[in-house]
Structures are given as structure tokens and as C-alpha cells.
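Asks: Before I ask anything, here is the structure I am working with.
The values are calculated or read from the model by the stated rules, or taken from the named source; none is laboratory data. Note that the coordinates shown come from a computational prediction; the quantities given were computed from them, not determined experimentally. Cβ placement follows ideal geometry from the backbone for every residue including glycine, while neighbour counts extend to all protein chains displayed.
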Amino acid sequence: SMLSYLQVAAQRGILVKDGRALEVLPEINTVVFDKTGTLTLEQPTVSQIHCYNGVTELKLLRYAAAAEAKQSHPVARAILQAAADQGLALPLLEDAEYKVGYGLKTQIEGRVIHIGSVRFMAIEGFAIPPDVATHQDESHALGHSLVLVALDGEVVGAIELQPTIRPEALEIIRDLHKRNIETVIISGDNDAPTRRLAADLGIDRYFAEVLPEDKANLVRQLQEEGHKVCFVGDGINDSIALKSADVAVSLRGATTIATDMAEIIFMNGTLGQLPELFTLADEFAANMRVNLVASMTPGIVGIAGTLLFGWGMTVCVFLMQSSTPVGIYNAVKPLLNEQRREIAHGPADHRCRGWSYNSLLCQ
């Protein structure tokens with residue numbers, strides 16, 4: 001049964017790397033989502049650039065993009081895309097130090113550049129211009145985020161990033177609620193945009209401005225409260241939380257460390273397969289119960305027949321052996337049903353013809 005459901009999941013573009021996850025999924029009562037790249041599309045867009053202390057927008061964007069040139073996280077890609085749209089030639093990156101959950105310190109053309117949150121700038125001891133608070137309030141009211149840029153210890157600008165909610169996210173949350181599954185956001189982003197996203201999607205709870213190590217602590221806290229937790233994330237910041245969760249899910253195209261930690265990967269790169277995953281897990285649990293009944297019933301009937309009717313060994317052996325073809329048929333039934341479904345309706349959009357469990361593992 002396990003092998004059959006692993007193959008069915010693979011045919012539907014769901015790579016289950018650890019079969020035990022299918023056994024645990026029916027017990028899950030809480031799904032925790034990362035925000036950026038999971039509930040929102042992986043790459044936000046630069047909506048506005050705020051400049052302080054006489055620095056121009058293009059100069060600010062040029063330095064910010066050069067600093068992020070070797071980074072792969074969504075914010076970096078958004079800044080690099082904005083620079084590419086402006087046709088900016090980027091200077092050579094001399095040195096870089098990435099502080100996970102805080103920001104980036106680099107050296108370019110002999111100048112020291114810091115990029116990160118207000119918290120990061122405060123930790124570095126930089127004075128925050130008065131206009132930052134105003135721009136932060138305005139951007140947060142729209143559900144946007146601000147990334148500050150400092151040159152040689154002076155905050156000279158802020159890049160405003162606009163997230164885009166995944167089109168399937170609202171329907172996914174509604175489906176989870178129908179299954180009586182609580183939904184939670186744990187994000188390193190600021191409180192206001194995280195709160196707005198939670199309200200827009202109907203998320204039950206949210207935690208904002210959470211450092212990577214604290215994400216795992218929150219997962220363990222939920223588990224101590226009696227929750228069975230499935231964590232869905234895609235970034236380096238999520239790796240510790242993914243490892244701590246009862247079931248870890250990631251998306252194709254996520255960071256390598258996230259997909260390595262995840263037990264399940266959605267190969268189409270969206271959340272649309274999450275309800276289907278829970279349905280498959282429920283079907284697997286029901287299939288296993290049928291197998292259990294099929295294997296135990298002949299023994300119980302044989303014992304009762306021997307005690308009440310004096311059945312001999314031959315009858316009991318026949319009864320025991322009769323459970324074997326029943327168990328085999330029940331185990332392969334998911335594959336047969338999947339084949340019939342594809343013949344009748346064709347592969348769904350998210351499936352790939354010819355995909356198998358082994359081929360997905362190779363990818």
C-alpha cells in the first residue's frame with residue numbers, strides 16, 4: 001500500500017521522500033506557513049524607492065543590487081530585477097557577510113554597504129532618519145515591506161517591496177479550515193504586513209519578526225500545546241523549523257537546504273497540491289485499515305470455527321491464505337484507480353506524463 005501511494009503521489013507531482021509522513025498527515029491539526037515565497041509569490045516587486053541624505057534613486061538601487069548580486073533569496077531577486085529593468089551596470093562585489101534573519105553587509109568600490117531591516121540597522125548602531133518611520137507606516141498599511149540601505153554607516157534609503165499573494169492561497173486556507181485544521185503564519189517580516197496577510201487569507205494566528213531559530217522554537221511550542229504540526233516553507237530561514245515539524249513540506253524551486261529538510265516536495269512549485277496531499281494521506285490510512293481487517297479476519301474466523309465446529313488444519317490454512325490475494329488487490333487498488341481516472345479524464349494540469357517516484361527523486 002505504501003509503495004502504491006508513493007507512486008500515485010509521484011504521478012500527481014508530489015514527491016514523498018519519507019513514507020512515514022503519509023502515516024502522520026491524518027493526525028495533523030495545524031499547518032504552519034512561512035510568508036515570503038510560500039503564501040506570497042516567491043519574488044516580490046520593488047514598488048518604490050525612498051532616498052535620504054541626498055542620494056539618488058539610481059545610485060541607491062545600483063549599490064543595493066550589487067550587494068545582493070550573489071544572493072538567491074526573494075528580496076535579492078526583486079532588487080536585481082529592478083536594477084535590470086533600469087539597465088544599470090553593477091560594480092564588482094568585493095566582500096559580503098550575510099546575517100540570516102537580519103541583513104547583509106558588503107564592500108563595493110571601497111564603500112561599506114548594509115542592507116536589511118530597521119532592526120538590523122539599529123543593531124549595527126546606525127541612526128535611523130525620521131522619514132523612515134513615516135514611510136514604514138505608509139508601506140505597512142499597504143501590506144508592503146521596507147528594506148533599508150546604508151552607505152558607510154549612514155542610512156541613505158529604503159526600498160519598498162510589494163508582495164503578491166499566491167492565487168491559490170485563499171482556497172487552500174479555506175480547504176484546511178473545512179478539515180478542521182488550524183492555520184498559522186510564522187514570518188521574519190514586520191508585524192503590519194504579516195497581520196494584513198493573515199487577515200486577507202483568514203489565517204487563524206500569526207507570528208511576525210521571528211528569527212530563524214525562533215521559528216523552530218514556536219513549532220516546538222505548538223507541539224507542546226498538543227498540536228501536530230505540518231510546516232510549509234521554502235527558504236534558508238525555514239530549515240530549522242522544517243526539521244522540527246511533524247511533517248515538513250517544501251516547493252520545487254525552493255532553496256536546496258529547504259528541499260533537503262522537507263519530507264514532501266510539491267513539484268509544480270505551488271501550494272495547490274496541499275489539499276490533495278491530505279486527501280491521499282486519508283485514503284492511505286483507510287487502505288491500511290482494510291488491509292488490517294483483511295489480514296486479521298481469517299485468523300479470527302479460523303479460531304472460532306475450530307472451537308465451535310471442529311474445523312481442521314486444512315480449512316484454517318485455506319482461510320489464512322485467502323487473505324493474501326485480498327491484501328494484494330487492496331494494495332494495488334490505488335494504482336488501478338489512478339489509471340482509470342487518467343483514462344477517463346486525462347492527467348490533471350499539475351501532473352506530468354511519465355513521472356514516477358524514481359524520476360522525481362532524480363530531479
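Asks: Just to be sure I understand, how many residues within the range 227-238 are surrounded by 24 or more Cβ atoms within 10 Å (Cβ to Cβ) and closer than 18 Å to GLU42 by Cα?
Replies: The number of residues fulfilling the criteria is 7.
Asks: Right, next: Check MET261 against each of (1) in contact with a strand residue (DSSP E or B) (Cβ under 9 Å, 6 or more places away or on another chain); (2) not assigned by TED's automatic domain parsing to the domain that holds ILE236 and name the one condition it does not meet.
Replies: (2)
Asks: Could you list all residues from the range 119-134 that are among the β-branched types (Val, Ile, Thr) and either within 24 Å of GLU94 (Cα to Cα) or outside the structural domain of LEU146 (by TED's automatic domain parsing) (or both)?
Replies: ILE123
Asks: Inside the range 125-164, can you point out the residues that are part of a loop (DSSP other than H, G, I, E, B) and under 28 Å from the mean Cα position of the chain (by Cα)?
Replies: Correct list: LEU142, GLY143, HIS144, PRO163, THR164.
Asks: How do the helices (runs of 4 or more DSSP H) wholly within the range 254-352 filter down when requiring 3 or more residues that are farther than 30 Å from VAL100 by Cα and at pLDDT below 70: which remain?
Replies: Here the list reads 274-309, 313-345.
Asks: Let me ask something additional. Would you point out the residue of the range 142-189, among those that are β-branched (Val, Ile, Thr) and within 21 Å of SER117 (Cβ to Cβ), that is modelled with the lowest pLDDT?
Replies: THR164
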